[in-house]
């Protein structure tokens, strides 16, 4: 592999969604085993998979357009959304639900009934800890009653995969090896993963091909510089907001101090006038011009 001077690792990690899409979006032979390692479905379900338009189009013009990383339709018309989330973002759980709800809603058009809705499965892979409650790196969520543990429906299913929780020791699952593949950064580590089985060997070859493509590296480096600029702008905006808040707090402190001083001075003046024999009505007239 040639050496590059772009600041990127030799092997571009698939945790970047650009790389993830280039490796899997047009390679059903690689995407299929990845999905099978995550989602337990009968083998015949994976007999035919179709990678389709990733856009979720809104019903109304003022609604938000959803853009998925990879959208897959299985033989039974089950729809799967695969998302790679490298950066920690706010409201990720809500966004996962938004995408899944969009894939459910878009199946029903005018004249259809709700019985035509097919199963929707969301798979989100994160490069940060999203579920801190335990150490498991794979969670599967469905709609069910936590008291009786009866399932309401299997039409909605969410899988969360957290890469930072992955142990360095093989846990015996195919999924563990795919998660290792997604975090790879060196050709030595990639070579070790490729030895596991022929499918991972093909995935490694594809990732090597993507990593050696200068256009891809340029796109990724431009994207990284854009992200860096956005982080700098966000930090500057935060600093300016904090400085503005500091000024507001200082002004409030001064106003409170002035009010406190005025109150004390008013009380002292009142006591002095009382000692001099003035009535409260006379004092009000002297201090506030009332009466």
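A few remarks follow.
- Residue 246 modelled with pLDDT of 85 or more and not assigned by TED's automatic domain parsing to the domain that holds residue 31: yes
- For residue 5, the criteria (1) at pLDDT 90 or above; (2) not assigned by TED's automatic domain parsing to the domain that holds residue 156 hold in every case but one, which is (1).
- Candidates 41, 31, filtered to the one that is assigned by TED's automatic domain parsing to the domain that holds residue 184, in contact with a helix residue (DSSP H, G or I) (Cβ under 9 Å, 6 or more places away or on another chain) and in a helix (DSSP H, G or I): 31
- On inspection, residue 119 fails the criterion of being farther than 24 Å from residue 41 by Cβ and assigned by TED's automatic domain parsing to the domain that holds residue 176.
- Residues of the range 23-49 that turn out to be without any contact (Cβ under 8 Å) to a residue 24 or more places away in the chain and in contact with a strand residue (DSSP E or B) (Cβ under 8 Å, 6 or more places away or on another chain), as a count: 1
- Hey, residue 175 surrounded by 11 or more Cβ atoms within 10 Å (Cβ to Cβ) and either in contact with a helix residue (DSSP H, G or I) (Cβ under 6 Å, 6 or more places away or on another chain) or at positive phi (or both) or not: yes
- Residue in the range 194-216 that is within 22 Å of the chain's Cα centre (by Cα) and either outside the structural domain of residue 133 (by TED's automatic domain parsing) or more than 30 Å from residue 105 (Cβ to Cβ) (or both) present: no
The values are calculated or read from the model by the stated rules, or taken from the named source; none is laboratory data. Quantities reported herein were computed from a predicted structural model and do not represent experimental measurements. In this analysis, Cβ positions are derived from the backbone assuming ideal geometry, glycine residues included, and neighbour counts consider all displayed protein chains.
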